[in-house]
Amino acid sequence: MTAFPDRRLRRLRQTPALRRLVAETELSPSRLVLPVFVKEGIDAPLPIASMPGVSQHPLSGLAAVVEEAVAAGIGGIMLFGVPSARDATGTGAVDPEGILNRAIRVVADAAAGRITLQADLCLDEFTDHGHCGVLAADGAVDNDATLEIYAQMALAQAEAGADILGLSGMMDGQVAACRAALDAAGRTDVVILAYSAKYASAFYGPFRDAVESTLTGDRRTYQLDAANGREGVQEALIDIDEGADIVMVKPAGPYLDVLARVADVSSVPVWAYQVSGEYAMIEHAAAAGVIDRERAIGESLIGIRRAGAEAILTYWAIEVAGWLRAGRSLA
Ligand code: PBG
């Protein structure tokens, strides 16, 4: 019996060239999507304190963002609107002159088909109470009344020129409601990205700054409970059944198991959203000198890809696309 191991997996780890040759997981710029915040009533970018390196953009700055994204070769831009006025039913979301719908038109013009234009389809930025839906008399979020507004929002965003609608409100039946409305209007071409397994998460904290959220309380009656993996898979399967073209898991890092399970069973593409808190944690830890920023970013993304995401929404999309174009490996 030999005193030495006869299986030596270290053999393939000896040099950077060997490691690159046997890397199982790769990322490319086309698999990255950049979330972009558009704020009404400003005329210069406004940095978001909780997200170092990320700003709210004025409408007039969007064309430049599009050029940057196209040059970076990323797969798309996901637009979020920050309106200056909000009301109980979120009328700014369905108004063609609402900030998000105006931004969609500006980006659609600038993009001219060179990059996909995605839009957040949810009411939370437009309601004065900050919930993702409208409220019933007793203060609870009214699922079915909200679906009617989502359907109108889908038509408004499609009309403005969005290619992909990101349904992030977590109302039951939202995919079916939006698909039916789009199809009835002859917009069978518009793609539905369902934020299927969207968990009630502390990691959305910095985003709520970014969109100046007015929410008091929480979203636990509609977003998923962190304890539940099977339920996340079921949400994705139901959304696929309702007609989702793409399903998503969100946040990404703390839910890689859910992502892997959804990827195992999904018949449609599976994406993940590396959310604001995941971004902020690495940025702030790096700024404090306790972590290697670029390696941590790369490892966080390759982990999400390895778990099964075919595309990733990340605030680092442009920067990381640059690294990838320069031929750098991420981990
Ligand atoms: C809801 C929405 C949220 C995010 C994207 N869409 C916030 C929420 O549900 O509270 C979070 C994204 C992030 O944290 O980066 N419209």
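Overview of results
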read-out: Kirkwood-Stokes translational diffusion coefficient of the range 231-288, alpha-carbon pairs, 4 °C, 1.567 mPa s, µm²/s; value: 106
read-out: Furthest towards positive pole of dipole, Gly253, Thr146, Leu324, structure part the chain, Cβ charges; value: Leu324
read-out: Dipole-positive endmost among Asn228, Ile302, Ala272 within the chain (Cβ charges, Cα centre); value: Ile302
read-out: Top positive-direction residue, dipole computed over the range 28-325 with Cβ charges, set Ala176, Pro47, Leu79; value: Pro47
read-out: Charged-residue dipole, Cβ positions (Lys, Arg, Asp, Glu), the range 197-331 about Cα centre, Debye nearest 20; value: 340
read-out: Assigned charges on the beta-carbon of Lys, Arg, Asp, Glu; the chain dipole about Cα centre (debye); value: 2000
read-out: Alpha-carbon centroids, the range 261-331 and the range 100-116: separation in whole Å; value: 25
read-out: For the range 143-171 versus the range 196-253, the gap between their alpha-carbon centres in whole angstrom; value: 16
read-out: Helical contribution to [θ] at 222 nm, DSSP H n ≥ 4, -39,500 (n - 2.57), averaged over the chain, rounded to 500; value: -11500 deg cm²/dmol
read-out: For Leu313, distant residues with modelled amide H under 5 Å away; value: Val33, Ala272, Tyr273, Gln274
read-out: Charge tally in the Cβ shell below 10 Å around Arg31, where Lys, Arg are +1 and Asp, Glu are -1, Arg31 excluded; value: -1
read-out: Rg(Cα) / (2.2 N^0.38 Å) computed for the range 28-325, rounded to two decimals; value: 0.92
read-out: Highest-fluctuation residue, Thr216, Thr127, Thr25 considered, GNM on the chain with Cα pairs under 10 Å; value: Thr216
read-out: Value of relative contact order over the chain, rounded to a whole percent, pairs C-alpha under 8 Å and six or more apart; value: 18
read-out: Debye, to nearest 20: dipole size of the range 99-165, +1 on Lys, Arg Cβ, -1 on Asp, Glu Cβ; value: 440
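Throughout, read-outs are computed from the coordinates displayed, never taken from laboratory work. Computed from a predicted structure; not experimentally measured. Note: ideal-geometry Cβ built from the backbone for every residue, glycine included; neighbour counts use all protein chains shown.
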